[in-house]
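What follows is a set of notes on a single structure, which appears directly below.
The values are calculated or read from the model by the stated rules, or taken from the named source; none is laboratory data. The model shown is predicted, which means the values in this text are computed figures rather than measured ones. Positions of Cβ are generated from backbone atoms using ideal geometry, with glycine treated the same way; all protein chains shown enter the neighbour counts. Ligands, DNA and RNA are stripped out before the accessible areas are found, and what is left, the full protein with its side chains, is counted by its heavy atoms. Shrake-Rupley method; radii C 1.70, N 1.55, O 1.52, S 1.80 Å.
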Amino acid sequence: MNLRKNILTALLLAIGFIMHQVVPGTLGSMKFDIMLAFIFIAIIINKDFKSVLLTALLGGLITALTTTFPGGQIPNIIDKLLSCLFVYGLIRVFDRFKFNQISVAVIAFLGTIVSGTVFLGSASLIAGLPAPFTALFVAIVIPTSITNIFVTVIIYNAVKASLRATRSSFIENI
């Protein structure tokens, strides 16, 4: 595990924490999970499995601390672990090709859909949902997925530019 990559991951999670904290709750006290964009970029940077698990666990704990959804702490941890494993698999598939904005956008969209679905499913089993699953999926998960496409691509480009400017040795990997 590379120290520079770990520091960058910690910074991304800290920025994601701030973004997750300031996003207000909407329908059923659910928030748009912008933290996922930062988690996905951290996974793209740190592609080894141990780092993915650590990023997923930390991201899940941070979002559990800042959730406005009643009883959403455990579903947040579950959804981050499963969605990060899914994204890790997607990254392994896209690793055969050079990463570009389209592959990052696809990862962000599909990863957010998986995250939202797992969150709603586990929350319905653990704490119950304040509205029907379909309504929450359409009103929260789909708009969050579309938003995360743009947020993730912007963050990806910013991180890539900053790594290029500092001439980091792992720029060719992202």
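Can D33 be described as open to solvent by 40 Å² or more (accessible area, probe 1.4 Å), touching a residue at least 40 places away in the same chain (Cβ under 8 Å) and among the acidic types (D, E)? Judged against the criteria, D33 is not a match.
From the list L53, L85, L65, the lone residue that is free of Cβ contacts under 8 Å to residues at least 24 places away in the same chain and surrounded by fewer than 17 Cβ atoms within 10 Å (Cβ to Cβ) is L65.
Of the residues that sit in segment 100-116 and are of a type in the set (V, I, T) and closer than 9 Å to T152 by Cβ, which one is nearest to the chain's Cα centre (by Cα)? First the steps, then the outcome.
Kept after step one, since they are of a type in the set (V, I, T), are these residues of segment 100-116: 102, 104, 106-107, 112-114.
Next, only the ones that are closer than 9 Å to T152 by Cβ stay: 104, 107, 112.
Details: V104: 12, I107: 10, T112: 7 Å.
Filtering first and then ranking leaves T112.
Checked against the criterion of being without any contact (Cβ under 8 Å) to a residue 24 or more places away in the chain and within 24 Å of A10 (Cβ to Cβ), segment 99-120 contains not a single residue that satisfies it. Applying the set (1) in contact with a helix residue (DSSP H, G or I) (Cβ under 8 Å, 6 or more places away or on another chain); (2) outside any helix (DSSP H, G or I); (3) free of Cβ contacts under 8 Å to residues at least 40 places away in the same chain; (4) not small (G, A, S) to P130 leaves exactly one unmet item: (3). Taking into account only those residues within segment 91-128 that are surrounded by 14 or more Cβ atoms within 10 Å (Cβ to Cβ) and touching a Gly at 6+ places or on another chain (Cβ under 7 Å), which is farthest from G71 (Cα to Cα)? Within segment 91-128, the match that is farthest from G71 (Cα to Cα) is A123. Could you tell me which residue of segment 129-142 is modelled with the lowest pLDDT, considering only residues that are open to solvent by less than 40 Å² (accessible area, probe 1.4 Å) and within 17 Å of A37 (Cα to Cα)? So the residue we want is I140. Any chance segment 14-36 includes a residue that's over 18 Å from T144 (Cβ atoms), modelled with pLDDT of 80 or more and of a type outside the set (D, E, K, R)? There is at least one residue in segment 14-36 that is over 18 Å from T144 (Cβ atoms), modelled with pLDDT of 80 or more and of a type outside the set (D, E, K, R).
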